[in-house]
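Note sheet for the following structure.
Where a number appears in this text, it was derived from the coordinates with a stated rule and is not lab data. Everything numeric here is computed off the predicted structure, so don't read it as measured data. Please note: Cβ atoms are built from the backbone with ideal geometry, for glycine as well, and neighbour counts cover all protein chains shown.
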Amino acid sequence: MCGHCGCGTTEHHHHEHNHDHHHEHDKFIQIEQDIMAENQYYADHNREFLTSQNITCYNLVSSPGSGKTTLLVETINALKSDFNIAVIEGDQQTDRDKQRIAATGANVIQLNTGKSCHLDAHNVGHAIDDIKPENNSLLFIENVGNLVCPALFDLGEKCKVVILSVTEGDDKPIKYPHMFAESSLMIINKIDLLPYVNFDVNQCIQYAKQVNPNIEVIQLSATTKQGFETWLKWLS
């Protein structure tokens with residue numbers, strides 16, 4: 001499915017008995033290394049530009065349905081009187097989330113990835129060129145809903161923020177450890193639903209700390225605003 005890292009590909013390979021499996025494996029590793037090296041080149045370029053303009057960039061990552069877009073909308077509404085805010089909106093298809101962001105008045109651009117399951121630093125760089133975020137501003141990247149592929153791709157952001165809703169299960173940090181290892185902050189969202197779901201907050205935090213001892217944790221509800229001030233202070 002992924003057009004960059006090859007995950008979920010539907011391509012079929014027919015193997016003959018005399019096939020050199022070690023050679024094929026080595027070739028695959030080399031291709032993967034080339035892809036990641038190229039992405040890192042563009043990510044470093046993005047980061048250099050953003051830093052030079054004093055633009056603080058956060059890469060928001062999560063599985064679908066975590067409440068990521070709602071969190072972003074409410075964050076923009078709370079901060080837009082104090083900060084210039086731009087958003088790069090990533091989805092495989094449609095611009096539904098872009099429309100929600102645009103309604104806040106924020107400057108937003110849509111990136112549709114098609115078969116690819118994540119944004120990469122090259123297309124984000126083009127989006128930055130197109131959206132032209134102002135100096136001394138905030139830039140949010142809302143990545144494609146996926147707890148696997150986006151963890152692998154540096155986009156040039158200041159840091160990754162992973163959003164996990166209580167409806168998803170408290171074991172996600174150990175089921176998808178790389179995402180949580182690469183994130184500076186874990187937001188546990190939809191805490192207003194805790195009385196109705198089987199989610200152990202302390203266990204979830206323990207799992208997250210197991211894979212990333214330095215990860216920070218904020219518990220909030222983007223809909224009721226419980227704990228929201230802590231998130232806003234973290235951004236500032």
Q: Sort Glu157, Glu38, Glu89, Glu229 so the one with the fewest other Cβ atoms within 10 Å of its own Cβ comes first.
A: Glu229, Glu38, Glu157, Glu89
Q) If you find the alpha carbon centre of the range 186-236 and of the range 53-98, how far apart are they in angstrom? A) 18
Q) Quick one: Phe83, Phe199, fewest Cβ neighbours within 10 Å first, how do they rank? A) Phe83, Phe199
Q.
If you average the alpha carbon positions of the range 108-124 and of the range 135-169, how far apart do those two centres end up, in angstrom?
A. 13
**Q.** Most positive-pole-ward Cα, Gly105, Leu139, Ala37, against dipole of the range 28-235 from beta carbon charges
**A.** Gly105
Q | Note, ³J(HN,Hα) from phi for the range 166-180, Karplus 6.51, -1.76, 1.60, rounded to Hz, x at Gly and Pro | A | 5, 7, 8, x, 7, 9, 4, x, 9, 7, 10, x, 5, 4, 6
(Q) Exceeding 18 Å between C-alpha atoms, which entries from my cross-link table qualify? They are Lys158/Lys190; Lys68/Lys225; Lys80/Lys158; Lys190/Lys225. (A) Lys158/Lys190; Lys80/Lys158
Q) When a footprinting reagent is the concern and you count Cβ atoms within 10 Å, what order do Thr94, Thr113 take, fewest first? A) Thr94, Thr113
(Q) If the only charges are +1 at each Lys and Arg Cβ and -1 at each Asp and Glu Cβ, what is the size of the charge dipole of the chain around the Cα centre, to the nearest 20 debye? (A) 920
